[in-house]
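J.: Sharing a structure with you now.
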Protein chains: 2
Amino acid sequence: MPTLADVGKAAGVSRGTVSNVFNRPELVRPELRQRVEAAARALGFGGPDPKGRLLRDGKFNAIGFMPPGAYAIAEVMRSPYGRELVLGVSLACDEAGTTLSLVNGTDNTRFASIREALVDGFILGHSGDIGLITSAQRRRLPFVILENDAGPDINSIKIDGRSGAVAAVRHLTGLGHRHFAILSIRRTPGPPIVHMPGQAERPLLAGFSLDDERLDGFKQGLAEANLSIDDVPIIETTPGDPSAGAVVFDNVPEATAILTMSDWQAITILDEAVRRGIEVPRHVSVIGFDGTAESARTTPPLTTVAQDVIGKGRLAARMVLDNQPPRQVVLPVELVVRASTAAPRAKIR
Amino acid sequence: MPTLADVGKAAGVSRGTVSNVFNRPELVRPELRQRVEAAARALGFGGPDPKGRLLRDGKFNAIGFMPPGAYAIAEVMRSPYGRELVLGVSLACDEAGTTLSLVNGTDNTRFASIREALVDGFILGHSGDIGLITSAQRRRLPFVILENDAGPDINSIKIDGRSGAVAAVRHLTGLGHRHFAILSIRRTPGPPIVHMPGQAERPLLAGFSLDDERLDGFKQGLAEANLSIDDVPIIETTPGDPSAGAVVFDNVPEATAILTMSDWQAITILDEAVRRGIEVPRHVSVIGFDGTAESARTTPPLTTVAQDVIGKGRLAARMVLDNQPPRQVVLPVELVVRASTAAPRAKIR
DNA sequence: CGAAATTCTTGGAGCGCTCCAAAAAATGGT
DNA sequence: ACCATTTTTTGGAGCGCTCCAAGAATTTCG
């Protein structure tokens with residue numbers, strides 16, 4: 001690989017001049033410039049190597065996005081929520097002319113990735129592990145934590161998951177529902193986990209803190225209607241598990257309303273309902289979470305706890321780009337009532 | 001920002017030792033290691049700056065993705081097709097442990113971006129401009145061109161757009177349709193352009209070469225049924241233009257079948273049809289393109305010319321990651337018949 | 001025509017790191 | 001206690017570039 005110096009030698013000029021030819025051509029006499037360009041072409045030199053500049057100038061002009069927990073980038077891109085989040089981030093990156101690096105932080109490589117990533121700042125999905133934050137702080141780059149409050153010194157953005165969950169339950173109890181199933185998120189790979197009432201280990205503090213918060217919101221909402229979450233079956237599935245619907249219908253046939261933690265899960269339920277000839281909302285009501293674009297397109301359109309996912313991504317990017325004093329932002333959620341919920345009317349079959 | 005040397009001085013050891021503490025801790029005596037770690041902590045040194053390593057070792061461990069034409073990353077992320085493409089790329093990146101950099105190549109910064117991007121290879125969306133390719137070649141990094149054949153020396157992946165378009169028309173003419181509208185893609189920002197039959201400038205070679213190819217396929221398919229594309233209105237809209245449906249219905253009310261160039265456009269049509277009380281496929285048949293996941297979820301589910309978008313993205317990434325001799329891949333397409341097409345049955349209204 | 005003003009070109013310094021050959025220190029055997 | 005080994009540590013070289021002050025060449029103008 002030829003370097004500036006090689007080209008300079010070939011053209012009989014100094015490194016500096018060759019550099020100028022590529023970066024500030026107006027500074028160099030046309031005749032000389034042409035000679036340099038010819039030499040560069042002859043040597044197959046395609047412009048200054050960005051590595052050199054980088055060391056000198058020190059800006060990557062990129063921000064990094066790292067998914068929470070052990071999720072891979074592809075898993076993020078597969079979920080409706082993840083796609084909108086990345087879209088929001090990319091919106092801000094476009095505006096700022098910044099590159100968006102999707103950094104893989106699989107398990108044990110997570111901290112190494114943070115140490116090594118070629119970025120000027122981070123958006124970090126956060127599952128609750130403390131190591132992540134110290135790791136990020138060490139790097140001394142602006143960063144923002146998603147879906148977790150990491151204290152007053154650290155940028156964070158989360159949604160008000162609890163209120164959302166409460167609103168979802170209120171809506172359903174208001175409609176007259178008394179028999180629920182909760183579809184929660186399993187944050188480790190593996191098959192669905194079914195927690196029936198009365199079992200010992202209830203997963204009330206098992207997942208990401210956002211999950212716990214929402215579970216707590218469900219609990220509160222149920223309590224308001226004199227119902228106990230301890231009597232409600234909770235099923236945990238990985239975010240896109242296609243069997244979620246089957247597992248719910250098989251294990252909780254008496255449920256007239258299903259609370260989920262993402263639109264994706266709710267969509268899965270809808271699909272399984274169609275397969276089984278179960279009608280939504282006539283036989284069972286289903287409520288999503290996130291309010292992604294997809295939730296409006298399903299049949300029937302989903303009632304869902306909506307948040308501004310795109311706005312969240314965009315804000316996250318802005319926060320690392322702007323590098324202002326740390327803020328802890330809690331974004332509101334809003335129940336969007338569409339057609340997947342109704343008063344319990346018919347028994348299945 | 002402290003450096004290796006600073007830490008070394010503070011701990012009374014050499015740069016090299018500090019480097020080892022961070023990169024090959026097993027090489028340094030535990031006692032010394034602790035001293036160094038303490039010094040690092042005291043100075044707030046969070047590990048070797050990746051910039052330095054980079055210059056020394058020269059691998060970014062990242063591949064770049066640049067959208068075609070003047071599209072921004074966010075525009076890619078907005079489209080169902082773009083999302084699946086990026087998903088496919090990220091799948092391969094995950095497997096390879098590589099970072100995926102979404103590089104903005106807006107118009108005039110496009111070539112500069114190629115020169116400067118901190119990546120080991122490129123996936124380049126290609127609109128047909130020759131400068132792009134020379135620019136990429138200059139960088140001497142592996143790259144692959146999407147949706148264009150750039151000759152035998154250059155990696156490229158495209159779909160067989162012509163066959164797909166022909167298949168779409170055949171399906172529709174086979175159903176008995178004689179009155180078409182074509183929804184083509186406007187590749188510059190702006191409002192829809194309506195080309196009615198008989199007008200001078202027909203857009204048969206206006207857009208990306210993929211668009212031209214598909215238009216040509218439509219032409220051929222129509223010709224097989226003794227129909228001339230010159231009699232078919234062609235409307236060009238930007239990919240996600242929400243007014244596309246309205247423009248089509250307003251300008252070509254007599255069409256019983258609408259050919260589009262993406263699922264996204266077809267979905268837009270479906271939405272507008274609902275708004276106007278037009279029934280698909282009873283009043284009008286609509287056919288999509290790409291076969292994205294979204295196309296299966298619409299009401300009614302879309303008949304579409306499907307391609308393996310995820311596979312394409314993945315293959316593209318593999319090609320730049322593997323850096324084998326150049327290949328030109330043409331991916332097959334397949335007509336997936338669902339419920340948005342039927343024999344023309346009812347006149348609208 | 002020559003000095004002053006202007007335009008171009010030069011090359012040293014330094015960005016932070018890792019590699020590596022060689023020096024230093026520790027260990028082991030006799 | 002000494003020498004041969006083995007384990008640790010060292011510091012020079014160099015990765016490719018841009019900046020910048022200073023020097024060289026060219027132009028301008030009285």
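The values are calculated or read from the model by the stated rules, or taken from the named source; none is laboratory data. Computed from a predicted model, the values in this text were never measured in an experiment. Using ideal geometry, Cβ is built from the backbone for each residue, glycine included, and neighbour counts are taken over all protein chains shown. Side chains included, ligands, DNA and RNA excluded: accessible areas come from the protein's heavy atoms. Shrake-Rupley method; radii C 1.70, N 1.55, O 1.52, S 1.80 Å.
J.: Give just the number: which of (1) in the same structural domain as B:ALA246 (by TED's automatic domain parsing); (2) within 23 Å of B:ARG214 (Cα to Cα); (3) aliphatic (A, V, I, L, M) does B:VAL274 not satisfy?
T.: Of the numbered conditions (1) in the same structural domain as B:ALA246 (by TED's automatic domain parsing); (2) within 23 Å of B:ARG214 (Cα to Cα); (3) aliphatic (A, V, I, L, M), the odd one out for B:VAL274 is (2).
J.: With B:ILE154, B:ILE130, B:ILE159 as the choices, which residue is over 16 Å from the mean Cα position of the chain (by Cα) and touching a residue at least 24 places away in the same chain (Cβ under 8 Å)? Quick ask: steps written out before the conclusion?
T.: Numbers: B:ILE130 fails: touching a residue at least 24 places away in the same chain (Cβ under 8 Å); B:ILE159 fails: over 16 Å from the mean Cα position of the chain (by Cα).
One residue alone meets the criteria, B:ILE154.
J.: Answer yes or no: is there a residue in region A:224-239 that is in contact (Cβ under 8 Å) with a residue 60 or more places away in the chain and of a type outside the set (A, V, I, L, M, F, W, C).
T.: yes
J.: Check region B:110-118 and report whether any residue there is open to solvent by less than 20 Å² (accessible area, probe 1.4 Å), at pLDDT 95 or above, more than 21 Å from A:ARG140 (Cα to Cα) and more than 16 Å from DNA strand D (Cβ to nearest atom).
T.: No; the residues of region B:110-118 include none that is open to solvent by less than 20 Å² (accessible area, probe 1.4 Å), at pLDDT 95 or above, more than 21 Å from A:ARG140 (Cα to Cα) and more than 16 Å from DNA strand D (Cβ to nearest atom).
J.: Considering only residues that are touching a strand residue (DSSP E or B) at 6+ places or on another chain (Cβ under 9 Å) and not hydroxyl-bearing (Ser, Thr, Tyr), look in region B:95-106 and name the one that is farthest from A:GLY105 (Cα to Cα). Can you show your working first?
T.: First pass over region B:95-106, keeping only residues touching a strand residue (DSSP E or B) at 6+ places or on another chain (Cβ under 9 Å): B:96, B:98-105.
Among the residues that remain, those that are also not hydroxyl-bearing (Ser, Thr, Tyr) are: B:96, B:100, B:102-105.
Working: B:ALA96: 12, B:LEU100: 12, B:LEU102: 17, B:VAL103: 20, B:ASN104: 23, B:GLY105: 26 Å.
Only one residue tops the list, namely B:GLY105.
J.: Being in contact (Cβ under 8 Å) with a residue 12 or more places away in the chain and open to solvent by 30 Å² or more (accessible area, probe 1.4 Å) is the requirement here; does B:ARG24 meet it?
T.: Working: in contact (Cβ under 8 Å) with a residue 12 or more places away in the chain: no; open to solvent by 30 Å² or more (accessible area, probe 1.4 Å): yes.
No.
J.: Let me ask something additional. Kindly establish whether A:GLU75 is more than 9 Å from DNA strand C (Cβ to nearest atom), open to solvent by 30 Å² or more (accessible area, probe 1.4 Å), in the same structural domain as A:ILE133 (by TED's automatic domain parsing) and without any contact (Cβ under 8 Å) to a residue 24 or more places away in the chain.
T.: Here the answer is no, as A:GLU75 does not meet what is asked.
J.: If you don't mind, another one. Are any residues in region A:13-35 near DNA strand C (Cβ under 7 Å from one of its atoms) and closer than 18 Å to B:GLU116 by Cα, and if so, which ones?
T.: Scanning region A:13-35 gives a single hit, A:ASN20.
Here is a yes/no grid of residues against (1) open to solvent by less than 30 Å² (accessible area, probe 1.4 Å); (2) at pLDDT below 95; (3) at positive phi:
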{"position": "A:GLU201", "(1), (2), (3)": "no, yes, no"}
{"position": "A:LEU205", "(1), (2), (3)": "no, yes, no"}
{"position": "A:ILE235", "(1), (2), (3)": "yes, no, no"}
{"position": "A:VAL274", "(1), (2), (3)": "no, no, no"}
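J.: OK, next. Can you confirm whether region A:276-293 contains a residue that is open to solvent by 20 Å² or more (accessible area, probe 1.4 Å), assigned to a helix (DSSP H, G or I) and under 27 Å from B:ALA293 (Cα atoms)?
T.: Yes, there is a match, as at least one residue in region A:276-293 is open to solvent by 20 Å² or more (accessible area, probe 1.4 Å), assigned to a helix (DSSP H, G or I) and under 27 Å from B:ALA293 (Cα atoms).
J.: Is at least one residue of region A:168-187 aromatic (Phe, Trp, Tyr) and out of contact with any Pro (no Cβ under 9 Å at 6 or more places or on another chain)?
T.: No.
For (1) more than 8 Å from DNA strand D (Cβ to nearest atom); (2) among the charged types (D, E, K, R); (3) modelled with pLDDT of 95 or more, each residue gets a yes or a no:
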residue	(1), (2), (3)
A:LYS9	yes, yes, no
A:ASN23	no, no, no
A:GLU26	yes, yes, no
A:PHE45	no, no, no
A:LEU54	no, no, no
A:ASP57	no, yes, no
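J.: Have a look at B:GLY16, B:GLY44, B:GLY52, B:GLY69 and point out the one that is farther than 23 Å from A:ALA70 by Cα, under 13 Å from the mean Cα position of the chain (by Cα) and open to solvent by 10 Å² or more (accessible area, probe 1.4 Å). Let's see the steps before the verdict.
T.: Details: B:GLY16 fails: under 13 Å from the mean Cα position of the chain (by Cα); B:GLY44 fails: under 13 Å from the mean Cα position of the chain (by Cα); B:GLY52 fails: under 13 Å from the mean Cα position of the chain (by Cα).
Matching residue, one of B:GLY16, B:GLY44, B:GLY52, B:GLY69: B:GLY69.
J.: Six or more apart or on different chains, Cβ atoms under 7 Å: show the pairs whose first residue is in region B:1-12 and touching a residue at least 40 places away in the same chain (Cβ under 8 Å) and more than 8 Å from B:ALA39 (Cβ to Cβ) and whose second is within 11 Å of DNA strand D (Cβ to nearest atom) and small (Gly, Ala, Ser).
T.: As it stands, the answer is B:LEU4/B:SER19, since those pairs meet every condition given.
J.: Moving on. Looking at B:ALA317, B:ALA342, B:ALA346, which one is open to solvent by less than 50 Å² (accessible area, probe 1.4 Å) and modelled with pLDDT under 95?
T.: B:ALA346
J.: Report yes if some residue within region B:71-84 is among the small types (Gly, Ala, Ser), within 12 Å of DNA strand D (Cβ to nearest atom) and at negative phi; otherwise report no. Break it down into steps so the answer makes sense when it comes.
T.: Initially, region B:71-84 is screened for residues among the small types (Gly, Ala, Ser), giving B:72, B:74, B:79, B:82.
Those still in the list that are within 12 Å of DNA strand D (Cβ to nearest atom) too: none.
No, region B:71-84 contains no residue that is among the small types (Gly, Ala, Ser), within 12 Å of DNA strand D (Cβ to nearest atom) and at negative phi.
J.: Could you tell me whether B:LEU102 is over 22 Å from A:ARG53 (Cβ atoms) and either among the aliphatic types (A, V, I, L, M) or in contact with a helix residue (DSSP H, G or I) (Cβ under 7 Å, 6 or more places away or on another chain) (or both)? Break it down stepwise before answering.
T.: Working: over 22 Å from A:ARG53 (Cβ atoms): no; either among the aliphatic types (A, V, I, L, M) or in contact with a helix residue (DSSP H, G or I) (Cβ under 7 Å, 6 or more places away or on another chain) (or both): yes.
Here the answer is no, as B:LEU102 does not meet what is asked.
J.: With respect to A:ALA306, determine if the residue is more than 12 Å from chain B (Cβ to nearest Cβ) and in contact (Cβ under 8 Å) with a residue 60 or more places away in the chain. Talk me through it step by step, then tell me what you get.
T.: Values: more than 12 Å from chain B (Cβ to nearest Cβ): yes; in contact (Cβ under 8 Å) with a residue 60 or more places away in the chain: no.
So A:ALA306 fails the test.
J.: With the condition being at the interface with chain B (Cβ under 9 Å from one of its Cβ atoms), I'd like the helices (runs of 4 or more DSSP H) fully within region A:6-93 carrying at least 3 qualifying residues.
T.: Helices (runs of 4 or more DSSP H) meeting the threshold: A:50-57, A:73-78.
J.: So which residues in region A:94-119 are assigned to a helix (DSSP H, G or I), at the interface with chain B (Cβ under 8 Å from one of its Cβ atoms) and not hydroxyl-bearing (Ser, Thr, Tyr), if there are any at all?
T.: A:ASP94, A:ARG115, A:GLU116
J.: On to the next question. Name every residue in region B:309-349 that is of a type in the set (S, T, N, Q), in a loop (DSSP other than H, G, I, E, B) and touching a residue at least 40 places away in the same chain (Cβ under 8 Å), in order of residue number.
T.: Scanning region B:309-349 gives B:ASN323, B:SER340, B:THR341.
J.: Residues that are hydrophobic (A, V, I, L, M, F, W, C): find the strands (runs of 3 or more DSSP E) completely inside region B:174-257 holding 3 or more of those.
T.: Qualifying strands (runs of 3 or more DSSP E): B:180-185.
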